[in-house]
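Some notes on the structure that comes next.
The values are calculated or read from the model by the stated rules, or taken from the named source; none is laboratory data. Nothing here was measured: the structure is a model prediction, and the numbers come from that model. When we count neighbours, we look across all protein chains shown, and the Cβ atoms used for this are built from the backbone with ideal geometry, even at glycine.
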Amino acid sequence: MKIHSQHPSVAKVPTGIQGFDEVTGGGLPARRTTLVMGGPGCGKTVFALQALVNGAHQKEAGIFVAFEESTRQIIANAATFGWDLPALERKKLFFLDARLTPDVVKAGEFDLVGMLGLLKAKVQEMHATRIVFDGIDVLLGLLDDPALERREIYRLRGWLSRTGLTGIITQKSGGTDVDLRYGFLQFMVDCVVVLRHQVVDGSGFRNLRVMKYRGSGFAADEFPITLTSDGLQLSHRGPTELAYAVTDERVSSGLPRLDNMLRGGYYRGSDVLISGAPGTAKSTLAGMFAAAACERGERTLYVSFDEGAAQIVRNLGSVGIRLEPYLKSGVLRMYSTRTRGPNIEDQFGALRDKVRAHKPRCLVIDPLSALSTKVEHVASADASQQFLDFLKIAGITVVNTSLMDGPGTAEETATGISTIADTWIHVSYIVQDGERNRALTIVKSRGTGHSNQVRELTLSDDGATLTDVFVAQGKVLMGVARFEWEQEEQARGKRVQVAAELERLRLQLAQAEAAARLQVVQTEMEARSAEIAVLADATGSASRLLRTDHAVLRKMRHADEDGRGGRRKSGRDKGAASTRGGRGRR
Amino acid sequence: MARRRPQPGLVLRLYVAGHAPNSVRAIANARAICSEHFATRHSLEIVDLLEDPHRALIDGIIVTPTLVKLSPPPVQRVIGNLSDTDQVLLALAAP
């Protein structure tokens, strides 16, 4: 007996189903059997067929045994996924129509021995490595005996392990995970994949879950799946690494003043969220972004919900945004759809397809909230997040609009897109003096400095413009109120100006007066000086005269006093004179 | 029943898979029914699909054993080991 290594690693074959190979770490177990279970319309057949077709593309031949649908039907269905089965059928694929015609009479027990013999021969002929048994319960149900059915399943399983094929058996299951009829099958096989279709609030969700995988780790969560034009897709919402290229390149928002507020525009490849109440010109802003992108020659995709493309083009035309030329040249593509259509996963799947087909550099989703707030379900938020991640990895600049109505939701979005958005612009209405005016603010912008000021957004025939708002008496003034304020300010300004002029003139006059006075004073001073000089001369000679008189007198009277007496005498005379004067005044 | 209006020139072909129990039983049952109900007015060909697997593909045989009434028309198929004689006779005599 061969001794296996301590950690035998299970060889895996990729299914090529987007997401599934990641979740299972490589795909289905090679040379082993996988059971795909699910209710009607879950995508069991598509899953199995896709694994087979992708194998065939990699030169792995496969056989599809159809117990339920005619092979012609299957080939026709596959064509809707763009799988050219007839071409593959020639070399790599073989379809066995294993349906019994209704007129077949059953007379006793039967078995699969003959069919397996045929398949064995076919496998050897084609060197097939993969095989699908789709809806085998349809045939085995005819046995009408659970024991016999089980016997045939065991026979099939034995055959699969002997031939060493990678097998897929699809199995219907009812509401419960464990189907009583073929419950044993889950224990027999090496891998069990459960597909589920659930309806939440009237919207359908498809999920996939790996229930069992012998000898291998796997992500056990339920993953949303979508049926796209490329087949089944699994949205891997597990811990994904957010690895994407980042650039410093800026993209114009289409509004020069908004670019200024953002210090140069949006970052290339970022998510921009424009939120606001209905009618706050969200679509106009988105349209301006799209038009600017087209003008730069960048491929742009405009996705709108609940509003037709033609209507949007007309509406944007009314504010001077012309999209028709770009639509004609093919730079711009518009895609309009209803939100209450297929389930949300499918909608995002369809969007992914559009993105892959058009390969845009810029994308507008108007409004994203139409998609994500549709259902209060964790899957819907997941789906939008995954979609935005997908766009981010593709380096597409996205402008989403988001509707927020009601006063309670002023600056929050139900879906949490706001946390994913790199730049969040909010437009709100300010009602004042019987007017509704639009106020634009940048709530956040990752990695860029941005203006924290409120701007008034006005719409005209030439598009949207941003104007500074006036803050007066602690209030933001807009519209007519602003106009009035501006007028008043102007008048006030004028008044102040006039007053200043008057004051200037008055001061000039005062200065002139002062100068004149100065002149007078100066002249007067000069005159006084001259007077003083004259006076001084005069008194000088008088005192000399007096002194000479004193000397003569003393000489004449032979006085011995030294002249002090004379001075005292004159002082006494002075005092008497002043006393006399005082009396006279009274 | 079938015995009352036997079909002249009954041509049957029985597809079997080697020595699988149902196949072995089917051969025995087919032979017994033919000899008992159709005497000499029949031919029974036995095809072993394990020896000639492509025959199944060409003739569109899904399960074994399968008995095919080729003539008289219409062509009728009976699956199973033919242990339900009444069902077999009903099918072979069907107009």
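Here are a few things to note about the model shown:
- Restricting A:Ser428, A:Ser460, A:Ser445 to those that are among the hydroxyl-bearing types (Ser, Thr, Tyr) and either loosely packed, with under 14 Cβ neighbours inside 10 Å or at pLDDT 85 or above (or both) reduces the list to A:Ser460.
- Here A:Asn315 meets each of (1) assigned to a strand (DSSP E or B); (2) more than 14 Å from A:Leu363 (Cα to Cα) with one exception, condition (1).
- Those residues of the stretch B:50-80 which are in a strand (DSSP E or B) and free of Cβ contacts under 8 Å to residues at least 24 places away in the same chain, in sequence order: B:Gln76, B:Arg77, B:Val78, B:Ile79
For (1) under 19 Å from B:Ile61 (Cα atoms); (2) free of Cβ contacts under 8 Å to residues at least 60 places away in the same chain; (3) within 51 Å of the chain's Cα centre (by Cα); (4) surrounded by 19 or more Cβ atoms within 10 Å (Cβ to Cβ), each residue gets a yes or a no:
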| residue | (1), (2), (3), (4) |
| --- | --- |
| A:Gln58 | no, yes, yes, no |
| A:Glu69 | yes, no, yes, no |
| A:Leu96 | yes, yes, yes, yes |
| A:Gly108 | yes, yes, no, yes |
| A:Val123 | yes, no, no, yes |
| A:Phe133 | yes, no, yes, yes |
| A:Ile136 | yes, no, yes, yes |
| A:Arg155 | yes, yes, no, no |
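- Those residues of the stretch B:10-32 which are in a loop (DSSP other than H, G, I, E, B) and either more than 14 Å from chain A (Cβ to nearest Cβ) or surrounded by fewer than 19 Cβ atoms within 10 Å (Cβ to Cβ) (or both), in sequence order: B:Gly18, B:His19
- All positions within the stretch A:265-281 that are modelled with pLDDT of 85 or more and not aliphatic (A, V, I, L, M): A:Gly265, A:Tyr266, A:Tyr267, A:Arg268, A:Gly269, A:Ser270, A:Asp271
- Applying the set (1) within 14 Å of chain B (Cβ to nearest Cβ); (2) farther than 29 Å from A:Arg196 by Cα to A:Pro86 leaves exactly one unmet item: (1).
- Scanning the stretch A:161-173 for residues that are surrounded by fewer than 21 Cβ atoms within 10 Å (Cβ to Cβ), touching a residue at least 60 places away in the same chain (Cβ under 8 Å) and of a type outside the set (Lys, Arg) yields A:Ser161, A:Gly164.
- Remark: A:Phe81 falls outside the filter, which requires a residue to be hydrophobic (A, V, I, L, M, F, W, C), within 14 Å of chain B (Cβ to nearest Cβ) and under 29 Å from A:Thr226 (Cβ atoms).
- Scanning the stretch A:45-53 turns up at least one residue that is of a type in the set (S, T, N, Q) and touching a residue at least 12 places away in the same chain (Cβ under 8 Å).
- When the criteria are applied in full, A:Tyr302 fails the requirement of being modelled with pLDDT of 90 or more, buried (at least 17 other Cβ atoms within 10 Å of the Cβ) and not in a strand (DSSP E or B).
- Residues satisfying the stated conditions in the stretch B:55-75, i.e. in contact with a helix residue (DSSP H, G or I) (Cβ under 9 Å, 6 or more places away or on another chain) and more than 7 Å from every other protein chain (Cβ to nearest Cβ): B:Arg55, B:Thr66, B:Leu67, B:Val68, B:Lys69
- Number of residues in the stretch A:297-326 that are in contact (Cβ under 8 Å) with a residue 24 or more places away in the chain and of a type in the set (Lys, Arg) equals 2.
- Members of the stretch A:100-135 found to be of a type in the set (Val, Ile, Thr), within 11 Å of another protein chain (Cβ to nearest Cβ) and touching a Ser or Thr at 6+ places or on another chain (Cβ under 8 Å), listed by number: A:Val113, A:Val123
- Residue that is surrounded by the fewest Cβ atoms within 10 Å (Cβ to Cβ) [pool: residues in the stretch B:33-49 that are within 13 Å of chain A (Cβ to nearest Cβ) and at pLDDT 90 or above]: B:Ile46
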